[in-house]
Amino acid sequence: MKLIPLSYSDSVLRFFSSSVAAGFPSPADDYVEKGLSLDELLIQHPSATYLVRAEGDSMLGSGIFSNDILIVDRSLTPKNRDIVIAAIDGELTCKYLNLYLRQLVSANPKYPPIAISDAADFIIEGVVTSSIRFHRSGLPL
Amino acid sequence: MFALIDCNSFFASCEQVFRPDLRGLPVVILSNNDGCIVARSMEAKALGIPDLEPYFKLKSQLEKNGVHVFSSNYELYGDLSNRVMTTLEKFSPDIEIYSIDECFLSLKGMNMDLPKYGHLIRKTVMKNTGMPVGVGIAPTKTLAKLASRIAKDSAKCEYVCVLNDIKSWHAVFRKIPVNKVWGIGRRITKRLSDNQIYSVYDLMKQDSRQMKKSYNVNVARTIDELNGIECYGLEQAPEPKKQIFSTRSFGQKIINCSELEQSVSQYATRACVKLRQQKHLVKTITVFASSGHFVEHPYSRSAVIKLSTPTNDSRQIISVARQAIRNVIFRQGVRFARAGVGLIELQPEKPEQLDAFSPTQTIKSKELMVVMDEINKRHCPIVFASQGLDQNWKMNRNLKSPSYTTRWEDLPRVRT
């Protein structure tokens, strides 16, 4: 099901296996290349996947910068050291999950770990499976 | 056996998915142009805030109680609805999307522990989509509807109720008023009470053949259904719908775009017939197609299309549906197993809610072209007729939440 379709990526990355030369059609044309789809690469469970935008510097060490787009799969069961989205006291936050110490851990020494039991209201919303960053100005978004 | 999966306070729950701070708090949703309250969270209901009352009348009461008020956000609701329905496809090969927040599953021939299955459905939908649902399971659709109601009202059910041994439920049925039964409207309820039929139990004890003569065939069928005799299969219902969905699994898988467009045109046509029969216009349409869940690489896409002017014109709706297939949903190489069209935001034909900026019916087709161009331009399922109309529309819905799942600029923010 839908996330926001990344369909423009198709045209950027698509390539074809047979040439477009004139003449009789190649029998290989029956096997149409599907092309590469970023949706297919990045999204395993479309109806359980949400996109969110990162805001802040607490995950710099993990390579997540402010304004990056995070791909969040709600259907996955979080494992130790997963980067997760959690709702704590009514706010969505992104941290490493340490199951053994029951902590949410930042990837920046500036921020101390958050004990899960301390949070009055805590729930893991999903697992961050990848992140997207634009490296050139003037791109969409 | 049928299961009815019914989202809890659907619109309010949608507003809470990306706003954990609102969970457990009173939330209400307003209709078009912020006129009336159309949906309330459990907490808002508990405060005694009435349904379908004009907003201006309640404004001070809402403020005093700290109720969070939203304009309706059909892009968000449509998208989350599609996610819930896709998740449900896992649980039965045969489903009927009954409304934006309800879905029947056929459990025929599936041998399993029903309460356990119900809880698994509920847990999975919650985990994957964030949407709380109730599950009613019973031998007929009418009973499944009733079961889902009991599931929500009775705390010990924990949102799952299986009505398989009907006799053991008689005591409960005596306490449920007859107007809570699917298809028993206000007029029939009045007549029934004149005949001393007040509860579900009173109704199910009537002779259905007699009742067919003195009332109508639908009442007779409802009585049979309450007694566990199946009268309504999937896609059959005793009453007009709040939303109109037309969807079908294909006999043969579809692999090319024009065939998929054709099938969706058929569903759109069928939905439009129902729409005109119940004298409504549609404002928001959803179109979807999927490979079904039981394949190696499940694929599923949907689009939500907002029309600038409400319409019941089949040509217009078909055309929008086809554009959605062509530009958003179809993918080369996917073997499509089912598709459908949902008319999710309806309004009565009269009175038409026109405001100073609303375009009139006469320029409808022109706008349609604008809508389609927009679909072409932005590879994005949400479409507004034009920037100008968009502004106007925003003006009427100043309490609208972001379209978290359908607009890049509206993505939920997460603190890192």
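The values are calculated or read from the model by the stated rules, or taken from the named source; none is laboratory data. The model shown is predicted, which means the values in this text are computed figures rather than measured ones. Cβ placement follows ideal geometry from the backbone for every residue including glycine, while neighbour counts extend to all protein chains displayed. Side chains are part of the model used for accessible areas, which takes the heavy atoms of the whole protein and leaves out ligands, DNA and RNA. Shrake-Rupley method; radii C 1.70, N 1.55, O 1.52, S 1.80 Å.
Within the stretch A:75-89, track down each residue that is of a type in the set (A, V, I, L, M, F, W, C) and either part of a loop (DSSP other than H, G, I, E, B) or more than 12 Å from every other protein chain (Cβ to nearest Cβ) (or both).
The one that is of a type in the set (A, V, I, L, M, F, W, C) and either part of a loop (DSSP other than H, G, I, E, B) or more than 12 Å from every other protein chain (Cβ to nearest Cβ) (or both): A:LEU76.
Any idea which of B:LYS127, B:LYS152 is of a type in the set (D, E, K, R), assigned to a helix (DSSP H, G or I) and at pLDDT 95 or above?
The unique qualifying residue is B:LYS127.
Of everything in the stretch B:155-169, what is open to solvent by 50 Å² or more (accessible area, probe 1.4 Å) and either in contact (Cβ under 8 Å) with a residue 60 or more places away in the chain or in a loop (DSSP other than H, G, I, E, B) (or both)? Give them in sequence order.
B:GLU158, B:TYR159, B:ASN164, B:ASP165, listed by residue number.
What strands (runs of 3 or more DSSP E) lie completely within the stretch B:34-118 and have 1 or more residues being away from every other protein chain (no Cβ under 14 Å), under 28 Å from B:ASP21 (Cα atoms) and not polar (S, T, N, Q)?
It comes to B:37-40, B:68-71, B:102-106.
Quick check on the stretch B:26-39: of everything there that is modelled with pLDDT under 95 and not β-branched (Val, Ile, Thr), which residue is least open to solvent (accessible area, probe 1.4 Å)?
Here the answer is B:LEU30.
Can you tell me which condition B:SER92 does not meet? The list is (1) open to solvent by less than 10 Å² (accessible area, probe 1.4 Å); (2) in contact with an Asp or Glu (Cβ under 9 Å, 6 or more places away or on another chain); (3) not aliphatic (A, V, I, L, M), and all the others hold.
If we test B:SER92 against (1) open to solvent by less than 10 Å² (accessible area, probe 1.4 Å); (2) in contact with an Asp or Glu (Cβ under 9 Å, 6 or more places away or on another chain); (3) not aliphatic (A, V, I, L, M), just (2) comes out false.
Just to be sure I understand, how many residues within the stretch A:32-70 are touching a Lys or Arg at 6+ places or on another chain (Cβ under 6 Å) and among the basic types (Lys, Arg)?
Total meeting the criteria: 1.
So which residues in the stretch B:170-207 are crowded, with 20+ Cβ neighbours inside 10 Å, under 28 Å from the mean Cα position of the chain (by Cα) and assigned to a helix (DSSP H, G or I)?
Scanning the stretch B:170-207 gives B:PHE173, B:VAL178, B:ILE188, B:VAL200, B:LEU203, B:MET204.
Could you please let me know if B:GLY134 is surrounded by 23 or more Cβ atoms within 10 Å (Cβ to Cβ), under 23 Å from the mean Cα position of the chain (by Cα) and either at pLDDT below 95 or in a strand (DSSP E or B) (or both)?
Yes.
Can you confirm whether the stretch B:46-54 contains a residue that is within 14 Å of the chain's Cα centre (by Cα) and open to solvent by less than 20 Å² (accessible area, probe 1.4 Å)?
no
Check off (1) in a helix (DSSP H, G or I); (2) among the aliphatic types (A, V, I, L, M); (3) over 28 Å from B:LYS108 (Cβ atoms) for B:MET211 and give me the number that stays unchecked.
(3)
Taking into account only those residues within the stretch A:63-72 that are more than 9 Å from chain B (Cβ to nearest Cβ) and not β-branched (Val, Ile, Thr), which is least open to solvent (accessible area, probe 1.4 Å)?
Among them, the one singled out is A:GLY63.
Quick test of your reading of the structure: B:ASN398 fulfils all but one of (1) assigned to a helix (DSSP H, G or I); (2) modelled with pLDDT of 50 or more; (3) more than 25 Å from B:GLN277 (Cβ to Cβ); (4) not charged (D, E, K, R). Name the failing condition by number.
(1)
Check B:THR140 against each of (1) farther than 30 Å from B:TYR74 by Cβ; (2) surrounded by fewer than 19 Cβ atoms within 10 Å (Cβ to Cβ); (3) in contact (Cβ under 8 Å) with a residue 60 or more places away in the chain and name the one condition it does not meet.
Going through (1) farther than 30 Å from B:TYR74 by Cβ; (2) surrounded by fewer than 19 Cβ atoms within 10 Å (Cβ to Cβ); (3) in contact (Cβ under 8 Å) with a residue 60 or more places away in the chain one by one, B:THR140 breaks only (2).
Restricting attention to the stretch B:270-287, and to residues there that are at pLDDT 90 or above and of a type in the set (Val, Ile, Thr), which single residue is farthest from B:GLN323 (Cα to Cα)?
B:VAL282
Scan the stretch B:61-68 and give yes if some residue there is of a type in the set (Val, Ile, Thr), touching a helix residue (DSSP H, G or I) at 6+ places or on another chain (Cβ under 9 Å) and either free of Cβ contacts under 8 Å to residues at least 60 places away in the same chain or farther than 21 Å from B:ARG149 by Cα (or both), otherwise no.
The answer is yes, given that some residue of the stretch B:61-68 is of a type in the set (Val, Ile, Thr), touching a helix residue (DSSP H, G or I) at 6+ places or on another chain (Cβ under 9 Å) and either free of Cβ contacts under 8 Å to residues at least 60 places away in the same chain or farther than 21 Å from B:ARG149 by Cα (or both).
Any residue at all in the stretch A:47-54 that is part of a loop (DSSP other than H, G, I, E, B), more than 7 Å from chain B (Cβ to nearest Cβ) and either buried (at least 19 other Cβ atoms within 10 Å of the Cβ) or in contact (Cβ under 8 Å) with a residue 12 or more places away in the chain (or both)?
So far as the stretch A:47-54 goes, no, none of its residues is part of a loop (DSSP other than H, G, I, E, B), more than 7 Å from chain B (Cβ to nearest Cβ) and either buried (at least 19 other Cβ atoms within 10 Å of the Cβ) or in contact (Cβ under 8 Å) with a residue 12 or more places away in the chain (or both).
Just to be sure I understand, how many residues within the stretch A:76-89 are surrounded by 15 or more Cβ atoms within 10 Å (Cβ to Cβ), of a type outside the set (Gly, Ala, Ser) and within 19 Å of B:THR129 (Cα to Cα)?
Final tally of qualifying residues: 6.
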